[in-house]
Amino acid sequence: MKTRVISAIILILIVALPVYLGEQVYAFLIGIVSLLGFKELLDLKKTHHKIPFCMCVLAILCLMLIVFSNFNGGSLTQGITYKALIFTVFGLLTPIIIYKKDRYTAQDAFFLIGAVLFLGLGFSSFILVRARSGGRGELGLFIYLILIPIITDTFAYVLGTLLGKHKMAPIISPHKSWEGFACGLIAGTIIPSLYYFLALDDFTWKIIILTAILSFVGQIGDLIFSKIKRENDIKDYSKLIPGHGGILDRFDSMLVIFVTFIFLSSILY
């Protein structure tokens, strides 16, 4: 527990200033984080063969292209372009006809495409939301979205431990219960919605519905990333953050929440 707390404090100190400043400094941080998350997916042993170095480099270029697309957040719903999608899909798929058998297969190509698109969309949404929140120190929308997984996970864990009797997904995540899921959903809807009402000036009843959806998909995202770990027989994606695991262990539900917010942003804007 001590290690976990110390790691959390150090992590907050590292990200606080870039998040506060926004713009290029924050985007650079997100780019680094996305690369670390991509490295964790590459390290999975059962989802793909060893990826050739040249294809790893190309995949990283595709990832950066998507993460930094629509860099200034000028349009909240246009964070990725058709050109970026085409370049990623065909750029990573076409080389299967060049490499010898089992050196780089269609399975490897589709793994890379999926990893690049998912992480690219996810971390690009972090940049878009921060840009939409405003300039230096204007963090209302960003904090609202960060609160959702924090509150949801905290209440799901604590109240699930106290009240949980019915296992939700015993094979994927043995400690999760339907009671914890419900408590997390309720708290993860009420508290962030209250924050939005107090901190931002465009609150409507739609915010409550949106928050409930985001809390729900956040918990589903957590299960998805847990399933990937179970399939690869690992407890954590890496040991980068002592006591917490890897980047994807910390960003699992947040990635899904931020992407879903971008998708549903037409409700608000």
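Every read-out reported here was derived from the displayed coordinates using simple, explicitly stated rules and does not represent laboratory data. In this text, all values refer to a predicted model and were calculated from it rather than measured experimentally. A quick note on method: Cβ atoms are made from the backbone with ideal geometry, for glycine too, and the neighbour counts reach across all protein chains shown.
See the values below:
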read-out	value
Kirkwood-based Rg to Rh ratio, the chain, C-alpha trace	0.97
Overall dimensions of segment 194-269 as given by Cα atoms, namely Rg and Dmax in Å	15.4, 46
Assigned charges on the beta-carbon of Lys, Arg, Asp, Glu; segment 177-258 dipole about Cα centre (debye)	160
Reachable lysines from Lys50, criterion Cα separation under 17 angstrom, eight or more residues apart if same chain	Lys39, Lys100, Lys101
Fewest-first sequence of Ser226, Ser34 by Cβ atoms within 10 Å of each Cβ	Ser226, Ser34
Dipole-positive endmost among Phe251, Leu139, Phe261 within segment 139-269 (Cβ charges, Cα centre)	Phe251
Residue with peak Gaussian network fluctuation, the chain [Cα springs, cutoff 10 Å], from Ala106, Ala115, Ala16	Ala16
